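The numbers here are math on the coordinates, done by the rules we state, and not lab data. Keep in mind the model is a prediction, meaning the values are calculated, not measured. In this analysis, Cβ positions are derived from the backbone assuming ideal geometry, glycine residues included, and neighbour counts consider all displayed protein chains.
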Amino acid sequence: MLTNIAMGIGLSACAGFRVFIPMLAGAIAAHFNIINLPQQMDWLQSWPAIILFGTAAVAEIAAYYVPFIDNILDTIAAPLSVAAGTVLASSILPIQELEPTMRWGIGLLAGGTAAGSIQLGTSLLRLLSSKATVGTGNAVVATTENVAAISGSVLVFVIPIVIALLAICLIVWILMKFLRRSFKPKPLKQ
């Protein structure tokens, strides 16, 4: 049970870096019976879903290397990452016996929050990079996000508890930075 919780949170957090890589990883893992999905989520392990997520993952990775498009993608990726995190958490967390409203609510709280928090941090980092380097540093940010999404999505099946703990620490750090910056008193103008 603890392993499934860790995998659900870890994959959901990876959806904050890239939307489709963790979805692809979850689909492949389910297809090869590494994880068990509830009956209503069987579509996730089908070959059409795997092909769709694979194609979308490659397109998403490539698009983040195109200046200006990467910032537009962050706007689109924010709600998509929350949705992907919610689907992954609802599919993997050991809450299948709950009624659908509770299951999806817990999936949104656990997975959607994890994905959304990471997405918030990466969006702010890309915005800062765009301002500081006029977009030239965004390739470094994109590469780092790609590595985090791919390695996290693979390692979550090998060392799920470690990856989940790392994801939780990263989420807390991002939220603390965001809250500290949001509520920082502004200097008085004279």
Considering only 71, 146, 33, give the residue with the highest GNM mean-square fluctuation for the chain, with springs between Cα atoms whenever their separation is below 10 Å. 33
Let me check the size of segment 78-190 from its C-alpha atoms; what are the radius of gyration and Dmax in Å? 16.9, 62
Report the longest stretch of the chain that contains none of the chymotrypsin sites (Phe, Trp or Tyr not before Pro) sitting in a DSSP loop with at most 13 other Cβ atoms within 10 Å. 69-182
Extent of segment 135-176 along each principal axis, from alpha carbon coordinates, in Å, largest to smallest? 36, 27, 7
Segment 9-35 and segment 113-134: distance between their alpha carbon centers, rounded to Å: 21
Rel. contact order, % - alpha carbon contacts under 8 angstrom, at least six apart, segment 2-182: 35
Computed [θ] at 222 nm, helices only, for the chain once each DSSP H run of length n ≥ 4 contributes -39500 (n - 2.57): -24500 deg cm²/dmol
Expected max-MSF residue from 145, 60, 97 in the GNM of the chain (alpha carbon, under 10 Å) is 97
Using alpha carbons only, how many degrees (0 to 90, rounded to 10) separate the axis of helix 160-182 from the longest principal axis of the chain? 30
Calculated SAXS-style log₁₀ I(q)/I(0) at q = 0.08, 0.14 Å⁻¹ - segment 2-182, Debye, Cα scatterers: -0.23, -0.69
